[in-house]
Amino acid sequence: MIAGHLVRSARAAALVLGLVALAGCDVQMPSSDGNVSLPKEFPADFPTPPSSKLVLAQGPLPFVPAEMRGMTAQWSSTLTRAELESFYGKPHPKWRLIGKPIEGPSVGPISLGTMFVMRHDGDGITATVSVGVSNAIDDGILVQATILPARALPSPP
């Protein structure tokens, strides 16, 4: 009986801690009117996918060190995966493609899409963009961007 009470108390405490952690994440999903907005810290000049609607936005995460406070946004686009891959494969003002795109694995209808790594000129902010992730939201093509702050270079000894 005491063990059961302790287990229920531990579960309740874990649930409360989980809800507190999620509340600090600032995750935005579509409200009843369908509106989602990017975090105010999201780079205004980031190349958002054409013909798309923002479906999810989160961050920056307040409970992690500043150098790890990333933001994530997901859009659903009416363009094809090939059109979106072409869009992110081209140069964009202030955003430079780093390396070649990486083709993610896929199994049947589930795909991780094509990954692009981009760096913002001048401040070193990095973005990873995944195009063609399996989309259970609608019939569009999902594009996910994760923005990571610039890494501080270690000072010489």
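The values are calculated or read from the model by the stated rules, or taken from the named source; none is laboratory data. Since the structure is predicted, the reported quantities are computational estimates derived from the model, not experimental observations. Every residue, glycine among them, receives a Cβ derived from its backbone with ideal geometry; neighbour counts consider all protein chains shown. In case anyone asks, the SASA skips ligands and DNA or RNA and just uses the protein heavy atoms, side chains included. Shrake-Rupley method; radii C 1.70, N 1.55, O 1.52, S 1.80 Å.
Leaving ligands, DNA and RNA out of it, report the carbon-plus-sulfur percent of the accessible area of the range 50-157 at a 1.4 Å probe.
Exposed carbon and sulfur together represent 63 percent of the surface.
So which chymotrypsin sites (Phe, Trp or Tyr not before Pro) in the range 54-149 end up in coil per DSSP with only 12 or fewer other C-beta atoms within 10 Å?
Passing sites in the range 54-149 are F63.
What is the Å³ per residue value for the convex hull set by the Cα atoms of the range 48-90?
81 Å³
Can you give me the accessible area per residue for the range 61-145, using a 1.4 Å probe, in Å²?
Spelled out: the 1.4 Å probe surface of the range 61-145, per residue, equals 56 Å².
Using 0.36 nm per residue of separation minus the Cα-Cα distance, give me the extension gain between I98 and I137 in nm, one decimal.
11.1 nm
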